[in-house]
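In what follows, a single structure is set out as structure tokens and then discussed.
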């Protein structure tokens, strides 16, 4: 189950519903079960959370809080920065909701054991993101951006 909270009304209802439905499909493709709670936030709230939980000043794209006690069973709170997604989406030439789906999927993959802290794991994680997004019909999003190709 995927649930979205958007207290600031940063997303249209249609985009919010699309994001939840697509992430739910991605989770099913990954063979995972459980719950993911998304929260759409702006730069100010993300900056505050980034400082509070990571001791890093400034906004970021996504923060993931993995609460699960069982491998493969999701219990996660994921904060998505709509302002950052807007900036990146403009750079990459696609919709904000597509960028937010990338961020949400990134958070889910972290909860399922993926990491991106060294070159090899970074490449593996982002290849998995683009594979899932392609299978969903969205298309590669991270890899195309990394190669400088708007998708």
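No value in this document is a laboratory result; all are computed from the given coordinates. These numbers were taken from a predicted model, which means no experiment stands behind them. FYI the Cβ positions are ideal-geometry reconstructions off the backbone, even for glycines, and counts take in every protein chain you see.
Here are the numbers for this structure:
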read-out	value
Spin-label model distance (nm) - residue 54 vs residue 119, 7 Å beyond Cα toward Cβ	2.3 nm
For segment 2-146, share of DSSP beta bridges that run antiparallel, in % to the nearest 5	30 percent
Per-residue Cβ neighbour rank within 10 angstrom, fewest leading, 114, 53, 103	53, 114, 103
Neighbour-count order for 19, 80, fewest beta carbons within 10 angstrom listed first	19, 80
Cα convex hull volume per residue for segment 2-146 (Å³)	109 Å³
Residue-averaged 222 nm ellipticity for the chain, from DSSP H runs of 4+ at -39500 (n - 2.57), nearest 500	-16500 deg cm²/dmol
